[in-house]
Amino acid sequence: MASDMTVSTKPKRERGGFIRVKMLAREPFLLGLIVLVFLSLFLFAVLPIYQVIKVTVVGDAGADLSKIGEVLQGHFLHVMWNSIQLGLLSAVLSTVVGFVFAFAIARTDIRGKRLFHLIALLPIISPPFVLALSTILLFGRNGIITHGLLGLEDADVYGLGSLVFIQTMAFFPLAYLNLRGVLESINPSVEDASLNLGASRWQVFRTVTLPLAVPGIFSSLLIVFIKSIEDFGNPMVLAGDYSTLAVQAYLEITGMYDLRSGSFMAVAILLPSITAFLIQKHWLSKKSYVTVTGKPTQSSVRMGEKRMVYPLFAFCALVTSVVLLFYGTVAAGAFIKLWGINFTFTLEHFSYIFTLGFDSILNSTLLAAASTPLTAILGMAIAWLVVRESFIGKKVMELSSILTFAVPGTVVGIGYVLAFNKPPLLLTGTALILIAAFTFRNMSVGIEAGTNSLRQIDASIEEASKNLGASSFVTFWRISLPLMRSALFSGLVYSFVRSMTSISAVIFLVSANWNLLTVSILSQVEASRLGAASAYCVLLIAMILFAIGLLQFLVNQLQPKNRRRA
Amino acid sequence: MRRKIKTWVGMLLACLLLTAGCGSSNAGQAGKPSNRLTVYTAFPEQEVIPYIEAFRKETGIDVKFVRLSAGETLVRLQAEKNAPQASVWYGGPSDTFHAAAQEGLLEKYQPKEAAQLPKRFTDPQGYWSPVYVGALGFAVNEEWLKKKGLSAPESWDDLLKPEYADNVVMAHPGASGTAYTVLATLVQMMGEEKAFAYLKKLDAHMRQYTKSGSAPAKQAGLGETGVGISFAHDILAPKSEGYPLLLTFPKEGTGYEIGAVALIKNGPADELENAKKFIDWTAGLESQNLYAKTKTFRLPVRPDAEVPEGAVTFDKIKLADYDAVWAGEHRKELVKKFETEVRGQSGVK
């Protein structure tokens, strides 16, 4: 079975395909949902990317592959390898850090959990360029730490090392959110059973917890890998002479005015991303990770031994303080006159952003709020369809759902303009195009988190609901969705935060009526007004933290009433 | 539970309707002259707001803007060819405008007072009109000079002196228009062979090639490098923020950028008249005086306009005889040559 991919992709508990297809016809909701998801994916994920590919391979005089040859002759392969190297390093490091965080919070009685959790969410809020600039302010040649504290004369902050560092900090929260959902949905009684049978804590971890967390680990690696090679802001500021594909593609387009070569480079990023995606799916499809079976469970005793908790605490505290250092730098920058030069306290940056920049703040919030529920629901629905239902074109659905996530934002933006700039799909200049871009670019994280938690939930729970006469819709809404709470939460948070902070995709989509906060931040950074940029960031972070709190509250409402009271 | 589902679905629908409503409401009515104007601008946010406010006071026309770098604007115009969202492109180097005109993205229009603008800065083909000029200069970190006991470089040749080794930063000519202006200026001034020999030597002193044209000035301000090569206004801006920067110009001669404004082809029809009024206004004395009034450091094009305090006018600098059109036409080959000959195998690390 393992050797045959088409067979092995089907979850174990599934019945014959024919019967399922026949059942589909009897379930208008299910059929409708599948059609709707396909339609929207085609329109907002496949079509824009197709348009960009078309630009690359079709010249003024028909089909023409000369551009590709031209690009391949240059440093393309070298730059691609740079990107892959960066992606692998960041993915492994982020996943390790994320796992330790998730484990400490989900499985032990560590102190300061709430704080760790909150701080681990902070780096998702990475406003464009500002964190990378903080790196220079802290660790550059005149950096507060490298020069001021350590007295180094010639620190070089640019290059692969810094990039891996800053990306690990920026992306470990993704791994954390994802893995925490997975660890929390592993039924603790499995671990308890192992403990009762005489296994040591380490043995339990190695033979039970870790193997069960494999789907989460793999999808974290995948998500961070894709995000890392697609990242634009950090390499733009910190890469120095280390070129990556996403930046190179952007520069080819805006510096050399060569849309075709640049698009090709950017679309080429799909290659390693989709390879990684396929490897992940292939591995995961072979095993069952079901631990939530609907049979009664008791909650386990959390780990409290000092020798476990102390190192974990130290690690989390270290990571937390690094994150705080960076965000503290940004916060401090918002209240002082000029970084590194004049440390007088001032509120002038805030008075500036409230008088001139208020419109964009309002727009950003409104659009992010509009796209967040759409993203989360769509993400959960796709995860559910992919794991639980069987239908023709499932693979296609999965693949197309990561397209806009894996391609650099610049190209998504260009693709959207190309696809939606003529009737009947004239969306440019509207809020709708921004909402669509946010929704389809951010939903992958929700899908991954949702898929992982569903893998651990026995389908028999849902089958029981259906046998009792509930429709697919009611089953999804009342049984599956509440069980996917944690995944839903990560999906919502990620989507909202990314919508508020994304820049590369929206730069081509913002319009005079719908200008966004991040574009204002970029403008401030360009003009060397780091104070105003920092002030925008502080405001952004405050608003996002408030929103996360609100989302947490709303998601908790999904918890069944009796359990919430308990 | 039932009720909860209904509320959630209701909320979702409300969101959708709300956004759809917002979407449709801003499609302008074609043909009818309106009171608004949409502009793509490369000026930073805080700089452009006083400009459009001055225009509104004079004409009553409401200007909305989207801030994009010049390269980004060009891409956006290419992608939006069927239905451009803006009528005017305001600010950004003229070579990008030239590229856009070549691709048929601009409509020829010259301001009423075009005769007041010096010929050397205007577009011979009549697509764009100049709004400001600025010369290439060296951004030198004063504290670094003091610490090392050096004096600021005054010429291109000075940069090759051993004391500046590993302390020069410029952008990569393939990534930034500013750096390409450096490359093209040197080639036009010294001849291709000598210029590349010079750049090879300079490469040994180069600390980093940045991606953005204004980054070298910022890096010099932060002390990341001793010397950065940027446009004067990109150096004077961080200087005015308080960074310890000194601005010098190479005495052999230097290149310059012409900031431009142009009419976008097939822009919103109801804005056409306003767009023309706007372009007329940019050549007027009132708007040319704004650089001095708002303390930005761009040099006005009109000889009779006020010069910003602290900015250095062109008559005090030795300008190279810079041909922007020639530079635009040889871009690909010069950048390619730079990649292979100057950066060589170490070019892309």
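The values are calculated or read from the model by the stated rules, or taken from the named source; none is laboratory data. None of the values given here were measured: they were computed from a predicted structure. Positions of Cβ are backbone-derived with ideal geometry, glycine not excepted, and every protein chain shown enters the neighbour counts. Side chains are part of the model used for accessible areas, which takes the heavy atoms of the whole protein and leaves out ligands, DNA and RNA. Shrake-Rupley method; radii C 1.70, N 1.55, O 1.52, S 1.80 Å.
Some points to look at:
- Any hit, segment B:66-79, residues being of a type in the set (Gly, Ala, Ser), under 16 Å from the mean Cα position of the chain (by Cα) and more than 29 Å from residue B:190 (Cα to Cα): yes
Yes/no matrix, rows are residues, columns are (1) modelled with pLDDT of 80 or more; (2) under 14 Å from the mean Cα position of the chain (by Cα); (3) within 22 Å of residue A:50 (Cα to Cα); (4) among the polar types (S, T, N, Q):
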{"residue": "A:409", "(1), (2), (3), (4)": "yes, yes, yes, no"}
{"residue": "A:414", "(1), (2), (3), (4)": "yes, no, yes, no"}
{"residue": "A:428", "(1), (2), (3), (4)": "yes, no, yes, yes"}
{"residue": "A:439", "(1), (2), (3), (4)": "yes, yes, yes, yes"}
{"residue": "A:445", "(1), (2), (3), (4)": "yes, yes, no, no"}
{"residue": "A:459", "(1), (2), (3), (4)": "yes, no, no, no"}
{"residue": "A:462", "(1), (2), (3), (4)": "yes, no, no, no"}
{"residue": "A:479", "(1), (2), (3), (4)": "yes, no, no, no"}
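- Residue in segment A:133-167 that is farthest from the chain's Cα centre (by Cα), counting only those that are open to solvent by 20 Å² or more (accessible area, probe 1.4 Å) and of a type in the set (S, T, N, Q): A:142
- Condition met for residue A:493 (within 21 Å of the chain's Cα centre (by Cα) and of a type in the set (Val, Ile, Thr)): yes
Residue-wise test of (1) of a type outside the set (A, V, I, L, M, F, W, C); (2) surrounded by fewer than 22 Cβ atoms within 10 Å (Cβ to Cβ); (3) out of contact with any Phe, Trp or Tyr (no Cβ under 8 Å at 6 or more places or on another chain).
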residue: A:509; (1), (2), (3): no, no, no
residue: A:525; (1), (2), (3): no, no, no
residue: A:528; (1), (2), (3): yes, no, no
residue: A:540; (1), (2), (3): no, no, yes
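- The residues of segment B:240-257 that are farther than 25 Å from residue B:71 by Cβ and in a loop (DSSP other than H, G, I, E, B), listed by number, are B:242, B:243, B:244, B:249, B:250, B:251, B:252, B:253.
- Note on segment B:10-93: enclosed strands (runs of 3 or more DSSP E) holding 1 or more residues that are modelled with pLDDT of 85 or more, open to solvent by less than 30 Å² (accessible area, probe 1.4 Å) and within 18 Å of residue B:128 (Cβ to Cβ) are B:36-41, B:88-93.
- Any hit, segment B:231-247, residues being among the aromatic types (Phe, Trp, Tyr), more than 8 Å from chain A (Cβ to nearest Cβ) and open to solvent by 30 Å² or more (accessible area, probe 1.4 Å): no
- Members of segment A:507-534 that are closer than 30 Å to residue A:446 by Cα and part of a helix (DSSP H, G or I): A:507, A:508, A:517, A:518, A:519, A:520, A:521, A:522, A:533, A:534
- In segment B:131-149, the residues that are closer than 25 Å to residue B:240 by Cβ and without any contact (Cβ under 8 Å) to a residue 60 or more places away in the chain: B:146, B:147
- Residue count for segment A:201-222, restricted to those that are open to solvent by 50 Å² or more (accessible area, probe 1.4 Å) and over 16 Å from the mean Cα position of the chain (by Cα): 6
- Subset tally (residues that are open to solvent by less than 20 Å² (accessible area, probe 1.4 Å) and assigned to a helix (DSSP H, G or I)) for segment A:497-506: 5
- Look at (1) open to solvent by less than 50 Å² (accessible area, probe 1.4 Å); (2) modelled with pLDDT of 80 or more and you find that residue A:187 fails only one, number (2).
- Failed item in (1) within 14 Å of another protein chain (Cβ to nearest Cβ); (2) free of Cβ contacts under 8 Å to residues at least 24 places away in the same chain; (3) under 18 Å from residue A:323 (Cβ atoms), with residue A:144 passing the rest: (2)
- Residue list for segment A:241-288, restricted to those being at the interface with another protein chain (Cβ under 10 Å from one of its Cβ atoms) and open to solvent by 20 Å² or more (accessible area, probe 1.4 Å): A:241, A:242, A:248, A:250, A:252, A:256, A:257, A:259
- Residue in segment A:223-231 that is more than 9 Å from every other protein chain (Cβ to nearest Cβ), assigned to a helix (DSSP H, G or I) and either surrounded by fewer than 20 Cβ atoms within 10 Å (Cβ to Cβ) or among the polar types (S, T, N, Q) (or both) present: yes
- Within segment B:80-95, considering residues that are of a type outside the set (Gly, Ala, Ser) and closer than 17 Å to residue B:279 by Cβ, the one nearest to the chain's Cα centre (by Cα): B:90
Conditions (1) at pLDDT below 55; (2) surrounded by fewer than 17 Cβ atoms within 10 Å (Cβ to Cβ), marked per residue:
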| site | (1), (2) |
| --- | --- |
| A:17 | yes, yes |
| A:23 | no, yes |
| A:28 | no, yes |
| A:35 | no, yes |
| A:49 | no, no |
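Matching residues to (1) free of Cβ contacts under 8 Å to residues at least 24 places away in the same chain; (2) within 9 Å of chain B (Cβ to nearest Cβ); (3) of a type outside the set (A, V, I, L, M):
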{"site": "A:477", "(1), (2), (3)": "yes, yes, yes"}
{"site": "A:505", "(1), (2), (3)": "no, no, no"}
{"site": "A:515", "(1), (2), (3)": "no, yes, yes"}
{"site": "A:519", "(1), (2), (3)": "no, yes, no"}
{"site": "A:527", "(1), (2), (3)": "yes, yes, no"}
{"site": "A:531", "(1), (2), (3)": "no, yes, yes"}
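- If the condition is being farther than 24 Å from residue A:254 by Cβ, facing another protein chain (nearest Cβ under 8 Å) and at pLDDT 90 or above, then segment B:199-228 contributes no residue at all.
- The set of residues in segment A:349-364 being surrounded by 15 or more Cβ atoms within 10 Å (Cβ to Cβ) and closer than 21 Å to residue A:495 by Cα consists of A:360, A:361, A:363, A:364.
- Residues that are of a type in the set (Ser, Thr, Tyr) and open to solvent by less than 20 Å² (accessible area, probe 1.4 Å) number at least 3 in the following helices (runs of 4 or more DSSP H) confined to segment A:413-486: A:431-455.
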